[in-house]
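Chemist: I'd like to ask you about the structure that follows.
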Amino acid sequence: MIKTLFRPALLCCTTGLYLALVPPALAEDPLIPSPPEIAADAWVLMSYQSGQVIAGSNEHKAHAPASLVKIMTSYVVGTELKAGHIHDDDKVVISENAWSQKFPGSSVMFIKVGDEVSVDDLNHGVIVSSGNDATVALAEHVAGHTSAFIEMMNQQAEKLGMNNTYFTNPHGLDNDQQATTAYDMALLTRAFIHDLPEMYEMFKIKSFTFNNIKQGNRNPLLWDTSLNADGVKTGYTKDAGYSLVSSASQDDFRLIAVVLGTENVNARRNESKKLLTWGFRFYQDVKPNFDSNTLKKARVWYGSPSNVQVEVGDGGVITVPRRQRKSLEHKVFYNADLEAPVTKGQQVGKVEWYLDKHLLTVQPILAAETSEKAPWYKSMIDTVWRPIGRWFSDQDWDPRTEKAITETTQ
């Protein structure tokens, strides 16, 4: 069943933690046509900037990932490069496990045992040529052996909130225990674009030549002049069918589309294009402005300072239907029981956004500075005033009840 602006999703990424809540009732608005029929086992459309899911179907259903696994392989390699643990010009000696002949009938970079290949070439071999052999070579270089690298992949998946994903290899060949979801792949892609923008540039390269063998990028949207697509990855196995993770942008508005399990290469191209085109046509990212009376400092009991500056997560950007920005309303809530110490980036409240009285999304209010625990003699007054203050707080948020609130709105 297709869902437009659907159930809540807890998103975790390097830019913050927030709850995206979207009601199906908005699909009934005549100004917002329902999403197109998508011929795929599962699919999702997400705004990159806000992280909001605009539409989806079976987005949390387990599915064989095929070569979409390589997005995580490249993400792990990219984080190791960024940390300085490995380098682009490192020479990797190709082992027998990474030999291209170990992968008959599948995509390879055509590397041979004993070859010395740079990390940069191997990255191109994975991202552009989708080489299964190159993934093993990189895994062994990064972690010493493939099993350890797979552990790193699953640790990153957990960190990013990919709660329904489990990896068993770095290339994506079918394995009964390996699975992902459309939603998790969108999360991973969002993190990749944000965390590794320079490496993400590789995904738009249309061909790569190694040892005089030229191979083209299999992402057909890179050649579509009606879209400004710059990634991401195709995938196919017998179990997975034909899948595509794609991303495109118009001005400052970027969308991420995932289609899993289409019937053929044409279908995965057409269904992805339909999703992206529909999203750009009917939605936009906006950044509402708050004055100092609306977004106040957060009170920290027993803290020094006792009030901290705050900011809205992900820069305060939300994704809304076009032409309906003036219909937005919001409510601001703070945690009335916030106690020191409070760290910068800690969630201290939330903003609920409503469109025509329907809950559209929820954003976190984050501490913009740290509050340490105050000496006992400075915090004594809080012992007296804290119970009194609760009587005058009319918009309190208790993070302990967030789970119950979320379940009620599903």
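The values are calculated or read from the model by the stated rules, or taken from the named source; none is laboratory data. Computed from a prediction, not measured in an experiment: that's the story for all the values here. Ideal geometry is used to build each Cβ from the backbone, glycine not excepted, and the neighbour counts take in all protein chains shown. With ligands, DNA and RNA removed, areas are computed over all heavy atoms of the protein, side chains included. Shrake-Rupley method; radii C 1.70, N 1.55, O 1.52, S 1.80 Å.
Chemist: Can you tell me the relative contact order of the stretch 242-382? Whole percent, Cα pairs under 8 Å, sequence separation 6 or more.
Modeler: Averaging sequence separation for qualifying contacts and normalising by length gives 21 percent for the stretch 242-382.
Chemist: Let me ask you something else. For the stretch 195-276, taking Cα atoms only, what is the radius of gyration to one decimal and the Dmax to the nearest whole Å?
Modeler: Every Cα atom of the stretch 195-276 included, Rg and Dmax give 13.2, 39 Å.
Chemist: Have a look at Thr361, Val310, Ser327 and report the one farthest towards the positive end of the charge dipole of the stretch 297-387, computed about the Cα centre with Cβ charges (Lys/Arg +1, Asp/Glu -1).
Modeler: Looking along the dipole axis, the top candidate is Ser327.
Chemist: Taking only the alpha carbons of the stretch 220-369, what extent do you get along each of the three principal axes, in Å, biggest first?
Modeler: Here the spans come out as 61, 35, 26 Å, largest first.
Chemist: For Cα pairs less than 8 Å apart in space and 6+ apart in sequence, what is the mean separation divided by the residue count of the stretch 154-294, i.e. the relative contact order in percent? Working shown, then result.
Modeler: On the way: 190 pairs, mean separation 21.7, N = 141.
The value is 15 percent.
Chemist: Using 7 Å Cα-to-Cβ label points, what is the Asn212/Gln155 separation (nm, one decimal)?
Modeler: Rounded to a tenth, the inter-label distance reads 4.3 nm.
Chemist: Right, something else. To check you understand DSSP bridge types, tell me what percent of the beta bridges within the chain (both residues inside) are antiparallel, rounded to 5.
Modeler: On the way: 70 of 72 bridges.
Of those bridges, close to 95 percent are antiparallel.
Chemist: Would you calculate the convex hull of the Cα atoms in the stretch 128-175 and tell me its volume per residue in Å³? All intermediate terms of the calculation are to be shown ahead of the outcome.
Modeler: On the way: hull volume 4.1 nm³, N = 48.
Once divided by residue count, the hull of the stretch 128-175 is 86 Å³.
Chemist: Using a 1.4 Å probe on the protein heavy atoms, what percent of the accessible area of the stretch 109-177 belongs to carbon and sulfur?
Modeler: Working: 1120 of 2670 Å².
Answer for the stretch 109-177: carbon and sulfur cover 42 percent of the accessible area.
Chemist: Next up: Tell me the carbon and sulfur percent of the accessible area for the stretch 291-393, rounded to whole percent, probe radius 1.4 Å.
Modeler: On the way: 3040 of 5640 Å².
About 54 percent, which is the carbon plus sulfur part of the accessible surface.
Chemist: Can I ask one more? Just add up the charged neighbours of Trp43: K/R +1, D/E -1, any other residue whose Cβ is under 9 Å from the Cβ of Trp43. Write down the numbers at each step before the final one.
Modeler: Numbers: positive: none; negative: Asp41, Glu59, Glu271.
Net local charge, Trp43 excluded: -3.
Chemist: Beyond 42 Å, what percent of the Cα pairs of the chain remain?
Modeler: That fraction is 21 percent.
Chemist: Please report, in cubic angstrom per residue, the volume enclosed by the convex hull of the alpha-carbon atoms of the stretch 35-119.
Modeler: Details: hull volume 13.4 nm³, N = 85.
Expressed per residue, the convex hull around the Cα atoms of the stretch 35-119 is 157 Å³.
Chemist: Now, a different point. Given Cα pairs under 8 Å that are at least 6 residues apart, what percent is the relative contact order of the chain?
Modeler: Working: 889 pairs, mean separation 71.4, N = 410.
Rounded, it is 17 percent for the chain.
Chemist: Next question. Quick check: Cα centre of the stretch 278-307 to Cα centre of the stretch 105-124, how many Å?
Modeler: 47
Chemist: Ignoring ligands, DNA and RNA, what accessible area per residue does the chain give at 1.4 Å, in Å²?
Modeler: Working: 18680 Å² over 410 residues.
Value returned for the chain: 46 Å² of accessible area per residue.
Chemist: Taking the dipole about the Cα centre of the chain, with the C-beta of Lys and Arg at +1 and of Asp and Glu at -1, give me whichever of Ser249, Val259, Ala148 is farthest to the positive side.
Modeler: Positive-end residue among those listed: Ser249.
Chemist: Would you please put 204-211, 117-124 in order of how densely packed they are, using the mean number of other Cβ atoms within 10 angstrom per residue and starting with the highest? Working shown, then result.
Modeler: Working: 204-211: 14.8, 117-124: 20.4.
So the peptides 204-211, 117-124, ranked by packing, come out 117-124, 204-211.
Chemist: Kyte-Doolittle cut-off 0.5, length cut-off 15 Å along the helix's own axis using Cα: show which whole DSSP H helices in the chain pass.
Modeler: Helix filter hits for the chain: 69-83.
Chemist: Also: Probe 1.4 Å, all protein chains in place: accessible area of Tyr166 in Å², nearest 10?
Modeler: Rounded to the nearest 10, the figure is 110 Å².
Chemist: Could you give the length gained on full extension between Ala39 and Arg386, defined as 0.36 nm per residue of separation minus the Cα-Cα distance, in nm?
Modeler: Values: separation 347, 0.36 × 347 = 124.92 nm, distance 5.66 nm.
Extending this stretch completely gives an extra 119.3 nm.
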